[in-house]
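Presented below is the structure to which this report refers.
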Amino acid sequence: MAAEDTADRGTAPAVTRAVAILGLLADAHGAPMSLSEIARALGIAKSSTSNLCVALEEGGMVQRSDQGYTLGRRTVELGGAFLRSFDQVREFYKICSESPVLSHELLQIAVLDGVDVLYLARHEGRAPLRLSATIGDRFPAALTAIGNALLANLDPAEVAERYHGVSEWPRLTEKSVQTFEGLEAKLAATRERGYSLDEGEVFPSVIGVAMLIPPRSSGDVPMAMGASMFRSADSPKHRERVIVALRAAVARLGNPMIVTDAD
């Protein structure tokens, strides 16, 4: 059965296809995609793809150039509205800038999405670290410090369910965890320490430290905050200063009434 016929059996095939187009363009990271490329990737007729792209363009969700389609400015507005629903994201930037330690570091906030993490905020300190994730990026939760902090917050049975059937693990460096048993060991260490570590699993030259942000209410989406540092700048003394400052920051994000002089 053709992909287009399969889509027609859904309750709202046009919506499903439109969402798929937006996903494709997002994954293209700003590179334009032609109508033919979109239609081929989705397995639907070019005429149907054209109609959907026209509707999305009228709504500001995509924009067209001579090279093809990219995401439109309306997606930025919607993304901003989504981020504004998280009080901690707004406060994150203030806390980072006020901290004598963290103001010089690269810091991020992320949420868990399946077996990936989705990055919501990024503060850049003095040291440029372009390799690390930025807002809207996804990375494997098993490999990242921020992902481990979020996974460690789950019941072990839920973690096992999320990774059930995973046969291929992403290998970004030689240190990337490749088994569920290896992940379990890292999560156990995270729970014992109170923070997680990525020692070169995503980028060989980058060390990550992360902690869960205490939820303000039972309905809050769990978030974590992490710091990324170049291995060459990492030392036991510096890492400990970052961990202490990070612990104070997540405490403030969890409860804005907390006043700490941990920095």
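The values are calculated or read from the model by the stated rules, or taken from the named source; none is laboratory data. Here the structure is a predicted model, which is why all the values come from computation and not from measurement. Please note: Cβ atoms are built from the backbone with ideal geometry, for glycine as well, and neighbour counts cover all protein chains shown.
Yes or no: segment 198-211 includes at least one residue that is hydroxyl-bearing (Ser, Thr, Tyr), part of a loop (DSSP other than H, G, I, E, B) and surrounded by 17 or more Cβ atoms within 10 Å (Cβ to Cβ).
no
Only residues that are within 19 Å of the chain's Cα centre (by Cα) and either under 20 Å from residue 120 (Cβ atoms) or loosely packed, with under 14 Cβ neighbours inside 10 Å (or both): list them for segment 180-197, please.
Across segment 180-197, the qualifying residues are 195, 196.
Could you list all residues from segment 231-249 that are at pLDDT below 90 and assigned to a helix (DSSP H, G or I)?
231, 232, 233, 236
Name the residue that is modelled with the highest pLDDT, counting only residues in segment 118-166 that are small (Gly, Ala, Ser) and farther than 18 Å from residue 177 by Cβ.
The selected residue is 157.
Taking the stated definitions as given, is residue 105 under 19 Å from the mean Cα position of the chain (by Cα) and modelled with pLDDT under 90?
Taking the combined requirement at face value, the residue does not satisfy it.
Select from segment 18-65 the residues that are assigned to a helix (DSSP H, G or I) and of a type in the set (Lys, Arg) and list them in ascending order.
Those that are assigned to a helix (DSSP H, G or I) and of a type in the set (Lys, Arg): 40, 46.
In segment 158-192, what count of residues is obtained for those that are of a type outside the set (Phe, Trp, Tyr) and assigned to a loop (DSSP other than H, G, I, E, B)?
15
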